[in-house]
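Notes follow once the structure below has been shown.
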Amino acid sequence: MILTSKVFIRGVAACAVICAAATFSQAATIIKLNLGGVGPDIGMNGAGILSTTNDGVVATVGDQNTDIEFTGGLNFVPDLNTNTASFTLQGLTEVGPANVFGSLVIQNFLGGQFSLYDPSNVLLLQGPLTNSALTGVLGPPGTGALFTTTLGAVTGGTLAPFIVPGTVSLSMNMTTVNGGSGFVVAGGGPQLNPFLADASLSIAAETVPEPATMTLLGLASAAAIAYGWRRR
């Protein structure tokens with residue numbers, strides 16, 4: 001009987017360790033967003049401020065309605081397959097001149113914040129941005145732009161407990177820049193001109209174990225403690 005108990009406890013503990021190892025992940029994509037498609041999704045104004053544009057849907061808090069696909073370490077969260085969640089990216093400030101290399105332009109940004117909400121306007125994830133960069137092609141056809149940024153921290157949201165602090169990054173693909181006219185730079189700086197674009201977005205991070213794995217680890221710990229008391 002004692003041997004059987006020992007085998008069972010070792011089995012539970014081993015299973016818990018294997019599950020934990022599988023669930024702890026390196027930084028990988030955990031959230032994918034296809035923004036609502038109501039007009040341009042994102043734009044930079046004449047003051048050099050980059051933000052999502054308001055889609056006019058007053059029922060949702062975020063600027064742009066979106067579906068949400070949860071992947072990687074958040075794969076246990078059910079996807080939202082309709083454009084009823086919402087997302088906001090706001091307050092990113094253009095920093096320094098645009099760097100132009102032939103037909104390629106790179107523009108840096110500083111600051112800002114992102115917020116992601118579920119269909120009931122419950123905050124899922126929020127955090128401040130640090131350094132960001134936009135890379136795109138000057139002129140037509142206005143495609144192929146990539147925006148990347150890192151986060152200083154996750155400051156709120158129901159998904160925050162599953163995110164390892166300091167590991168979040170965000171990337172965004174832009175298409176139909178300025179209706180297909182592409183990016184424009186002007187002046188002696190030169191400065192990136194205001195623009196509008198469609199966008200899709202992904203968020204990457206390291207994640208902590210999902211609740212089921214934490215429960216299994218707890219069971220393994222409890223079993224080991226119980227066996228220790230039994231031996232005494």
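The values are calculated or read from the model by the stated rules, or taken from the named source; none is laboratory data. Note that this is a predicted model, so its numbers are computed, not measured. Glycine gets a Cβ as well: all are built from the backbone with ideal geometry, and neighbour counts include every protein chain shown.
Output yes when any residue across region 124-145 is part of a loop (DSSP other than H, G, I, E, B), more than 18 Å from ASP198 (Cα to Cα), at pLDDT 95 or above and not acidic (Asp, Glu), and no when none is. No - not one qualifying residue is present in region 124-145.
Filtering GLY157, GLY144 for residues that are of a type in the set (Gly, Ala, Ser), surrounded by 14 or more Cβ atoms within 10 Å (Cβ to Cβ) and under 16 Å from SER103 (Cα atoms) leaves a single hit, GLY144.
With respect to the conditions (1) more than 22 Å from VAL105 (Cβ to Cβ); (2) buried (at least 18 other Cβ atoms within 10 Å of the Cβ), GLY182 lacks only one, and its number is (1).
For region 43-92, a residue qualifies if it is in contact (Cβ under 8 Å) with a residue 60 or more places away in the chain, farther than 14 Å from ALA199 by Cα and aliphatic (A, V, I, L, M), and the qualifying residues are VAL61, LEU74, VAL77. Screening region 114-123 for residues that are touching a residue at least 40 places away in the same chain (Cβ under 8 Å) and part of a strand (DSSP E or B) and picking the one that is nearest to VAL57 (Cα to Cα) gives TYR117. The set of residues from region 74-112 being part of a strand (DSSP E or B), of a type in the set (Gly, Ala, Ser) and surrounded by 18 or more Cβ atoms within 10 Å (Cβ to Cβ) comprises ALA85, SER86, ALA98.
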